[in-house]
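The values are calculated or read from the model by the stated rules, or taken from the named source; none is laboratory data. Every value quoted in this text rests on a predicted model; they were computed, and no experiment measured them. Here the Cβ is made from the backbone with ideal geometry for all residues, glycine too, and neighbour counts use every protein chain on show. These accessible areas exclude ligands, DNA and RNA; they are computed on the full protein's heavy atoms, side chains included. Shrake-Rupley method; radii C 1.70, N 1.55, O 1.52, S 1.80 Å.
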Amino acid sequence: MKYRMIGTDPKTRREVSVLSLGTMHFGTATSEETSFAILDRYVAAGGTFIDTADNYGFWTGTQGGESEELLGRWRRSRGVGDQVVVATKLGARPLAPGTSFTDNAEGLSAKVIRESSERSRERLGTARLDLLYAHIQDPKVPLAETVEAFAALVAEGTVGLLGVSNHWAWRVERARGLAAAAGLPGYEVLQYQHSYLRPRTDLPGLLSPDGMSGMLGSDLLSYLRAEPRLTGVVYSPLLRGGYVRPDKLNATEFAEYDHPGTPARLAALREVARDAGATVNQVVLAWLIGGDIPVIPVIGASSVTQLDESLAAADLELTAEQRTRLDTAR
């Protein structure tokens, strides 16, 4: 396993593994027994960065919390301490069971931030949240209120690092500017959807009616390049099985990849995988980890076998020629 530092303040920054383990379906679609086995294997392999959210599990008809609760049980049963960094998110929890974050989200008011962070700490069984994200943007609440509420938690010591997910780049920069002007801690970790295939970003529907604010597009990639002290974390790097099931890329959920550039990128990916003696998924993860703008992929797994395939990507070193082939495919 390889590691990198996230955060800049010596009091809150953490060294984490370059592969983060996503636990979205732990406690619901993935049984407790299997979830524990995956978590145990991840930590045994040197993994130290686990990702969850307070709304995970809401699609089963609840308000979420199942993933955090399972992680809390696992941490207590294994005696896991602060050697493992657990990141969670708030703001997208449905206000009522059976509803959705797209039309009934709790939002990012000061009251919600305080109350939701307290619930997350209780479910996870920890006095401090290592990394707390603003899960989705909330245009109804002034950015200053959100910035000050997150900073208050850091000042109290109940939160370490702050992150942001699925926000327009201008809102991220404005929030960070407000924090800097007030001498407050701001967002240091940006989590967005990103993979090797290039998406269309003009399609509405991914967390915003105006376009895909959840995508790590060219504006945010440029932002990360200009601000190297920020960390990019990317979810759905393997497109939920899309690379090994190309037919899925034409489905409604992957409409953003249904364009003429995708076949050429897939062909280059398969060629490099053959040359490297690796799987296509491993090449995607290695490309992300070692890029000119390195990011931390959040890997999902429903079995230990799937996890092991992804973990091997941490040791895969792509050659300069292989990277050029991947980067220039059109």
query: Give or take rounding to whole Å, what are the principal axis extents of the alpha carbon atoms in the range 44-97, in descending order?
result: 37, 19, 16
- prompt: Please state the equivalent ellipsoid semi-axes for the chain: what are the square roots of 5 times the Cα gyration tensor eigenvalues, largest first, in whole Å?
  reply: 29, 23, 20
field: Hydrodynamic radius (Kirkwood) for the range 1-78, which is based on Cα pairs only, to one decimal in Å
entry: 13.4
message: Can you give me the accessible area per residue for the chain, using a 1.4 Å probe, in Å²?
response: 42
- prompt: Given Cα pairs under 8 Å that are at least 6 residues apart, what percent is the relative contact order of the range 198-316?
  reply: 26
task: Using the Karplus curve 6.51 cos²θ - 1.76 cosθ + 1.60 with θ = phi - 60°, work out ³J(HN,Hα) for each residue of the range 255-264 in order, rounded to whole Hz, and write x for Gly and Pro.
output: 4, 5, 9, 8, 8, x, x, 5, x, 5
Residue 32-residue 180 FRET efficiency (beta carbon distance; Förster radius 41 Å; 0.05 resolution): 0.45
- request: Rank by packing, highest mean first: peptides 143-151, 187-195, 313-321, with packing defined as the count of other Cβ atoms within 10 Å averaged across residues.
  value: 187-195, 143-151, 313-321
query: Considering only the other residues whose Cβ falls under 15 Å of the Cβ of residue 152, what net charge follows from Lys and Arg at +1 and Asp and Glu at -1?
result: -1
Candidate residues 202, 138: accessible-area rank, largest first, probe 1.4 Å: 202, 138
- request: Rounded to the nearest 10 degrees, what's the angle between the helix 66-78 long axis and the longest principal axis of the chain, both from Cα atoms, 0 to 90?
  value: 90
task: Using a cut-off of 13 Å between beta-carbons, work out the net charge of the residues near residue 227 (Lys and Arg +1, Asp and Glu -1, residue 227 not included).
output: 0
- prompt: How much mean residue ellipticity at 222 nm does the chain get from its helices, if each DSSP H run of length 4 or more adds -39500 (n - 2.57) and you divide by all residues, to the nearest 500 deg cm²/dmol?
  reply: -11500 deg cm²/dmol
field: Candidate aspartates and glutamates - alpha carbon under 18 Å from residue 11, same-chain residues fewer than 8 apart omitted
entry: 82, 130, 156, 188
- prompt: Excluding residue 244 itself, what net charge comes from residues whose Cβ is under 14 Å from its Cβ, given Lys and Arg +1 and Asp and Glu -1?
  reply: +2
message: Over the range 1-148, what is the relative contact order in percent, taking alpha-carbon pairs closer than 8 angstrom and at least six residues apart?
response: 20
- line: Each label sits 7 Å from Cα toward the beta-carbon; between residue 200 and residue 219 the label points are separated, in nm, by 1.9
query: In whole angstrom, how long is each semi-axis of the equivalent ellipsoid of the range 130-247, when you take the square root of 5 times every eigenvalue of its Cα gyration tensor and sort them from largest down?
result: 27, 15, 13
Hz values of 3J(HN,Hα) by residue in the range 29-37 - Karplus curve (6.51, -1.76, 1.60), Gly and Pro given as x: 5, 9, 5, 4, 4, 5, 4, 4, 5
- prompt: So what are the ³J(HN,Hα) numbers for the range 300-313, from phi and the Karplus equation (6.51, -1.76, 1.60; θ = phi - 60°), rounded to whole Hz, Gly and Pro as x?
  reply: x, 7, 10, 7, 5, 4, 4, 4, 4, 4, 5, 4, 5, 5
Under 28 Å from residue 140, Cα to Cα: lysines that are on another chain or at least 8 residues apart: 89, 111
- prompt: Across all directions of projection, what mean area in square nanometres is found for the Cα convex hull of the range 272-330?
  reply: 4.3
- prompt: Once Rh for the range 221-313 is found with the Kirkwood sum over Cα pairs, what is the Stokes-Einstein diffusion coefficient at 4 °C and 1.567 mPa s, in µm²/s?
  reply: 90
